[in-house]
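Just so it is clear, none of the values below were taken in a lab; they were calculated from the coordinates. None of the values given here were measured: they were computed from a predicted structure. When we count neighbours, we look across all protein chains shown, and the Cβ atoms used for this are built from the backbone with ideal geometry, even at glycine.
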Amino acid sequence: MANAITISHRLGKRIGKAKNYQGAPGAAITQDHEKGVAWLTRATACGYEPAQSQLGRMYSVGEGVKQDAKKAAEWYRKAADQGNATAKEWLKKHEMQ
């Protein structure tokens, strides 16, 4: 059974890969939003709230996915339930709290 350090390391690697695919500063590869979505989705399976918030943003603007306010709200809600301030702000702005 994996311990907390191993799980944290795995999540960090997944988020790192997702940021690389999204073209984060210093990324050594070209942007591929669809692969970024895939890696973020894997991280959300572990309940990682920054990935949930990032997926909410991607659905809200249609980056790497078809724009979908309902799915954006679902991902932001999951992140907000874990205390993510950005997600709470988005939900408040869109009156979905």
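Can you flag which of LYS35/LYS70; LYS71/LYS92; LYS71/LYS93 are past 18 Å Cα-Cα?
From LYS35/LYS70; LYS71/LYS92; LYS71/LYS93, over 18 Å: LYS35/LYS70.
Given a Förster radius of 22 Å and the C-beta distance between LYS66 and GLN31 as r, what FRET efficiency does 1/(1 + (r/R0)^6) yield to the nearest 0.05? Step by step, r from the Cβ atoms, then E = 0.80.
Each peptide in 44-52, 63-71 was scored by the mean count of other Cβ atoms within 10 Å over its residues; highest first, the order is 44-52, 63-71. Extension gain for THR41 to GLU89 (0.36 nm times residue separation, less C-alpha to C-alpha distance): 15.1 nm. Taking other C-beta atoms within 10 angstrom as a stand-in for reagent exposure, HIS94, HIS33 fall in the order HIS94, HIS33, fewest first. Would you mind getting the Kirkwood hydrodynamic radius of the range 46-97 from its Cα pairs, rounded to one decimal in Å? One over the average 1/r among Cα pairs gives 10.3 Å for the range 46-97.
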